[in-house]
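Read through the structure below, which is laid out as structure tokens, and then see the notes.
The values are calculated or read from the model by the stated rules, or taken from the named source; none is laboratory data. Computed from a prediction, not measured in an experiment: that's the story for all the values here. Heads up, the Cβs are rebuilt from the backbone with ideal geometry, glycines too, and the neighbour counts pull from every protein chain shown.
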Amino acid sequence: MKRELDGLITQMHSAGIPYAEAVRQFKKRYILEVLAHHKGNQCKAADELGMHRNTLSRTLAELDMDTAQIRNGMRRPPVSERPHLQGIAQGVARAR
């Protein structure tokens, strides 16, 4: 992992990405990963990140991350929009 991180840092430096922007992008990606792990649950994500829920909320706002979009993106689609289940449901309907 260290080699991958070193390579990423080298690429970002070579691309001329300023330090502040590199840190901002890292924070966004890391927080998004933790939120995805907890299916958008900010309380659980904040706990794992070692911060208060309000601090996470404020950080999301500072990073211009849309919390509603994050929550909606983490939800499972309705059954009618799940392609793998549509085929199964159609097969079951035909069998009846």
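Residues in the stretch 17-46 that are more than 27 Å from Glu4 (Cα to Cα) and at pLDDT 95 or above: Cys43, Lys44.
Do you know which residues across the stretch 18-66 are at positive phi and among the hydrophobic types (A, V, I, L, M, F, W, C)? Walk me through it before giving the result.
First, the residues of the stretch 18-66 that are at positive phi: 39-40, 50, 64.
Selection gives nothing.
When the criteria are applied in full, Leu56 meets the requirement of being among the aliphatic types (A, V, I, L, M), at pLDDT 90 or above and part of a helix (DSSP H, G or I). Does the stretch 45-53 contain at least one residue that is more than 15 Å from the chain's Cα centre (by Cα), more than 17 Å from Asn72 (Cβ to Cβ) and in a helix (DSSP H, G or I)? So far as the stretch 45-53 goes, yes, one or more of its residues are more than 15 Å from the chain's Cα centre (by Cα), more than 17 Å from Asn72 (Cβ to Cβ) and in a helix (DSSP H, G or I). Of all residues in the stretch 20-44, those satisfying the criterion of being more than 12 Å from Ile70 (Cα to Cα), surrounded by 15 or more Cβ atoms within 10 Å (Cβ to Cβ) and of a type outside the set (Gly, Ala, Ser) are Arg24, Lys27, Lys44.
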